[in-house]
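Visitor: One structure is given below, represented as structure tokens, and several questions about it will come after.
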């Protein structure tokens, strides 16, 4: 299905911390997005962007999926939290300048309490592949959740 929303309309990040370039496609339980690696990309150095940043690319693609679900149901994107990952692997140490990364996130599990798990894959035009399963949490009201967490 062709995307009706821009990254800015789906992901609650702004400025340089909004890392996705565009939303490519989506379905009921998945979303695909691109990231263009440029010399001025956040976290870029003389070698490119370190592979560990791939975790944030994957997390922001999940945020785009969650934001899309909110938009499709008449709401606005909500704040979510990356809880952890299992088996993040990447075939290179850096994403090369000039490469384009295509990320696909697929919902594996979603609990009623806001916890979810996503299977994530990343392919780049420079033959770099990465994958992981990310665990995320999206409370109904993030502000109240953060206030409660500070009290504890």
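The values are calculated or read from the model by the stated rules, or taken from the named source; none is laboratory data. This one's a predicted model, so the numbers in the text were calculated from it and none came from an experiment. We place every Cβ from the backbone using ideal geometry, glycine too, and count neighbours over all the protein chains shown.
Visitor: Considering only the range 22-40, state which residues are without any contact (Cβ under 8 Å) to a residue 24 or more places away in the chain and either surrounded by 18 or more Cβ atoms within 10 Å (Cβ to Cβ) or in a loop (DSSP other than H, G, I, E, B) (or both).
Guide: Across the range 22-40, the qualifying residues are 28, 40.
Visitor: Which condition breaks for residue 49 when tested against (1) surrounded by 14 or more Cβ atoms within 10 Å (Cβ to Cβ); (2) over 15 Å from residue 137 (Cβ atoms); (3) at pLDDT below 95?
Guide: Unmet for residue 49, out of (1) surrounded by 14 or more Cβ atoms within 10 Å (Cβ to Cβ); (2) over 15 Å from residue 137 (Cβ atoms); (3) at pLDDT below 95: (3).
Visitor: Here's another thing I want to ask about it. Could you say whether any residue in the range 86-109 is modelled with pLDDT under 90 and buried (at least 16 other Cβ atoms within 10 Å of the Cβ)?
Guide: Looking through the range 86-109, none of the residues is modelled with pLDDT under 90 and buried (at least 16 other Cβ atoms within 10 Å of the Cβ).
Visitor: Would you mention how many residues in the range 52-77 are in contact with a strand residue (DSSP E or B) (Cβ under 7 Å, 6 or more places away or on another chain) and either crowded, with 20+ Cβ neighbours inside 10 Å or in a strand (DSSP E or B) (or both)?
Guide: 9
Visitor: If I ask for residues that are in contact (Cβ under 8 Å) with a residue 40 or more places away in the chain, closer than 11 Å to residue 54 by Cβ and assigned to a strand (DSSP E or B), which ones from the range 78-123 would you list?
Guide: 85, 88, 89, 90, 94, 95, 101, 103, 120, 122
Visitor: Please find, within the range 8-20, the residue that is nearest to residue 70 (Cα to Cα) out of those that are free of Cβ contacts under 8 Å to residues at least 40 places away in the same chain and either within 13 Å of the chain's Cα centre (by Cα) or assigned to a helix (DSSP H, G or I) (or both).
Guide: 8
Visitor: Suppose the filter is free of Cβ contacts under 8 Å to residues at least 40 places away in the same chain, surrounded by 14 or more Cβ atoms within 10 Å (Cβ to Cβ) and in contact with a strand residue (DSSP E or B) (Cβ under 8 Å, 6 or more places away or on another chain); does residue 43 pass it?
Guide: yes
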